[in-house]
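Trainee: Before we start, here is the structure in question, set down as structure tokens.
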Amino acid sequence: MGIQGIFILSIETSCDDTCIALYDSAYGMRANIVCTQESIHNSYGGIVPKIAQQQHVLALESVIAYVLYTLKTYVQCIFSIIYTNGPGLYNSLFTGFKIAKKLSCILRIPCYAVNHIEGHIYSTYIGRECFIKYPFCALVISGGHTLLVMVLRSKKCILMGTTLDDSVGEVFDKVARLLGFGYPGGPCIELVSSFGGIGMYSFYRLLFLQHSFNFSFSGIKTLVRNVVESSLLTSTNIAGIAMNFQESIISTLCVICTRLITYTNVRVLTITGGVSSNMELHKKLSMVTTVFTLYPCGTCSGDNAGMLVLIPYVAFFGKCLH
Ligand code: KG4
Ligand code: ZN
């Protein structure tokens, strides 16, 4: 494929994944690479910020070179650079910022900072060419964030609710650790849950006053810890705990989302972030809500650099790219 359009290089290093994307205005997203550090952090039971930064330093230049080489694209063809400037781990963000600035100076091209959460919000539109219908509600659920946002238009969001303690992904990871699984815990819990029996344990959902859209998950985590510490951890028990824990988290998310949908009367709910790949959540949400639910395609639910390219694009053209 020849070089036809304008190329945008996107760099996302807010947490533990080194992510590089290359967008071509003529052909769409040509590459959206996630170089994961999961196996490195796995033995620590969670992300170690210092190691995350070191791994970004080691990987960044070679991942960029790999993307350009495999797409037979010269670095001089890049028209602009986009990078995440937060929220995230300071040192990881700084590593991405440094390489973005370095390339921008060498190539004499502009370099734009974008917000990581805004990227997650629009990640549902990667690979879908359509006009975005505002307003919509966005549930962002990952290891670092749990947010319920009302998106009125591009660059105009209202934070409706957030977690008062742990994020959803964090509580999945902590409970997974209690049950003897590695990092990331969410996929392990989801898998093991399919062997568990409902009603074996009961972990309540903590809900707040009628008009609150905030979440709280640490109470559920404490209940799980108490059960784990007072039970014999057989494989049946582990599956039962995992299943009932997951059920409890998902029903909390469903209750708050339906509450917001009723309150705002929106027609579309987007669900993004690593936890949004949980299939039980898809099933339960489709049963309890009447709105149109949109999830990111393929692997775009977690951190990726492709989602950042959509932010300026949506702001300029009001629609998504292909
Ligand atoms: O968005 P993400 O890749 O990175 C952050 O920005 O944190 O999210 C990672 C989080 C982890 O906490 C992981 O346990 C959780 O998403 N996760 C899941 C599932 N897949 C990933 N949680 C529940 N069910 C899953 N299938
Ligand atoms: Zn994220």
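The values are calculated or read from the model by the stated rules, or taken from the named source; none is laboratory data. Note that the coordinates shown come from a computational prediction; the quantities given were computed from them, not determined experimentally. Here the Cβ is made from the backbone with ideal geometry for all residues, glycine too, and neighbour counts use every protein chain on show.
Trainee: Can you confirm whether Lys72 is surrounded by fewer than 20 Cβ atoms within 10 Å (Cβ to Cβ) and within 18 Å of Gly28 (Cα to Cα)?
Mentor: It is true that Lys72 is surrounded by fewer than 20 Cβ atoms within 10 Å (Cβ to Cβ) and within 18 Å of Gly28 (Cα to Cα).
Trainee: Something else now. Check whether at least one residue in region 139-155 is within 16 Å of ligand 2 (Cβ to nearest atom) and of a type in the set (S, T, N, Q), and report yes or no.
Mentor: Yes, some residue in region 139-155 is within 16 Å of ligand 2 (Cβ to nearest atom) and of a type in the set (S, T, N, Q).
Trainee: With the condition kept exactly as written, say whether any residue in region 62-85 is of a type outside the set (Ser, Thr, Tyr), at pLDDT 95 or above and closer than 30 Å to His282 by Cα.
Mentor: no
Trainee: Would you mind telling me which numbered condition in (1) among the basic types (Lys, Arg); (2) at pLDDT below 95; (3) surrounded by fewer than 17 Cβ atoms within 10 Å (Cβ to Cβ) Arg259 fails?
Mentor: Failing condition for Arg259: (3).
Trainee: Continuing with this model, one more query. Filter region 114-135 for residues that are touching a Leu at 6+ places or on another chain (Cβ under 7 Å) and assigned to a strand (DSSP E or B) and give the result. Before the answer, list the steps.
Mentor: The initial filter retains those residues of region 114-135 that are touching a Leu at 6+ places or on another chain (Cβ under 7 Å), namely 114, 117, 119, 122, 124-126, 129, 134-135.
Scanning region 114-135 gives a single hit, Val114.
Trainee: Hey, any hits in region 213-224 for a residue that's outside any loop (DSSP other than H, G, I, E, B) and within 12 Å of ligand 1 (Cβ to nearest atom)?
Mentor: So the first thing to find is which residues in region 213-224 are outside any loop (DSSP other than H, G, I, E, B), and the list is 215, 218-224.
Checking the rest, the ones that are also within 12 Å of ligand 1 (Cβ to nearest atom) come to none.
No, region 213-224 has no match at all.
Trainee: With the requirement that a residue be of a type in the set (Lys, Arg) and either in contact (Cβ under 8 Å) with a residue 60 or more places away in the chain or out of contact with any helix residue (DSSP H, G or I) (no Cβ under 9 Å at 6 or more places or on another chain) (or both), what does region 194-253 give you?
Mentor: none
Trainee: Looking only at region 176-193, decide whether some residue is within 16 Å of ligand 2 (Cβ to nearest atom) and modelled with pLDDT under 90.
Mentor: yes
Trainee: Look at region 198-220 and say how many of its residues are of a type in the set (Val, Ile, Thr) and modelled with pLDDT under 90.
Mentor: The qualifying residues number 1.
Trainee: Can you find a residue in region 273-285 that is more than 16 Å from ligand 1 (Cβ to nearest atom) and at pLDDT 90 or above?
Mentor: No, the conditions are met nowhere in region 273-285.
Trainee: Answer with yes or no whether Ile117 is out of contact with any helix residue (DSSP H, G or I) (no Cβ under 7 Å at 6 or more places or on another chain) and either of a type in the set (Asp, Glu) or within 30 Å of Leu147 (Cβ to Cβ) (or both). Break it down into steps so the answer makes sense when it comes.
Mentor: On the way: out of contact with any helix residue (DSSP H, G or I) (no Cβ under 7 Å at 6 or more places or on another chain): yes; either of a type in the set (Asp, Glu) or within 30 Å of Leu147 (Cβ to Cβ) (or both): yes.
Yes.
Trainee: Identify all residues within region 168-205 that are hydroxyl-bearing (Ser, Thr, Tyr), buried (at least 19 other Cβ atoms within 10 Å of the Cβ), in a loop (DSSP other than H, G, I, E, B) and out of contact with any Leu (no Cβ under 9 Å at 6 or more places or on another chain); write none if there are none.
Mentor: Passing the criteria: only Tyr183.
Trainee: Taking region 264-289 on its own, how many of its residues are out of contact with any strand residue (DSSP E or B) (no Cβ under 8 Å at 6 or more places or on another chain), away from ligand 2 (no atom under 16 Å from the Cβ) and touching a residue at least 12 places away in the same chain (Cβ under 8 Å)?
Mentor: 4
Trainee: Follow-up question, since we're still on this one. List the number of the failed condition for Gly127; all other conditions in (1) in contact with a His (Cβ under 8 Å, 6 or more places away or on another chain); (2) within 16 Å of ligand 1 (Cβ to nearest atom) hold.
Mentor: (2)
Trainee: Being at positive phi and within 16 Å of ligand 2 (Cβ to nearest atom) is the filter here; which residues of region 48-87 pass it? Spell out the reasoning first.
Mentor: Step one: of region 48-87, the residues at positive phi are 72, 86.
Answer for region 48-87, where residues must be at positive phi and within 16 Å of ligand 2 (Cβ to nearest atom): just Gly86.
Trainee: Here is a follow-up. Please go through region 131-168 and pick out each residue that is away from ligand 1 (no atom under 16 Å from the Cβ) and of a type in the set (Gly, Ala, Ser).
Mentor: Listed by number, the residues that qualify are Ser154, Gly161.
Trainee: Assuming His56 fulfils every condition listed in (1) surrounded by fewer than 18 Cβ atoms within 10 Å (Cβ to Cβ); (2) of a type outside the set (Lys, Arg); (3) in contact with a strand residue (DSSP E or B) (Cβ under 6 Å, 6 or more places away or on another chain) apart from one, which condition is it?
Mentor: With respect to (1) surrounded by fewer than 18 Cβ atoms within 10 Å (Cβ to Cβ); (2) of a type outside the set (Lys, Arg); (3) in contact with a strand residue (DSSP E or B) (Cβ under 6 Å, 6 or more places away or on another chain), His56 is out only on (1).
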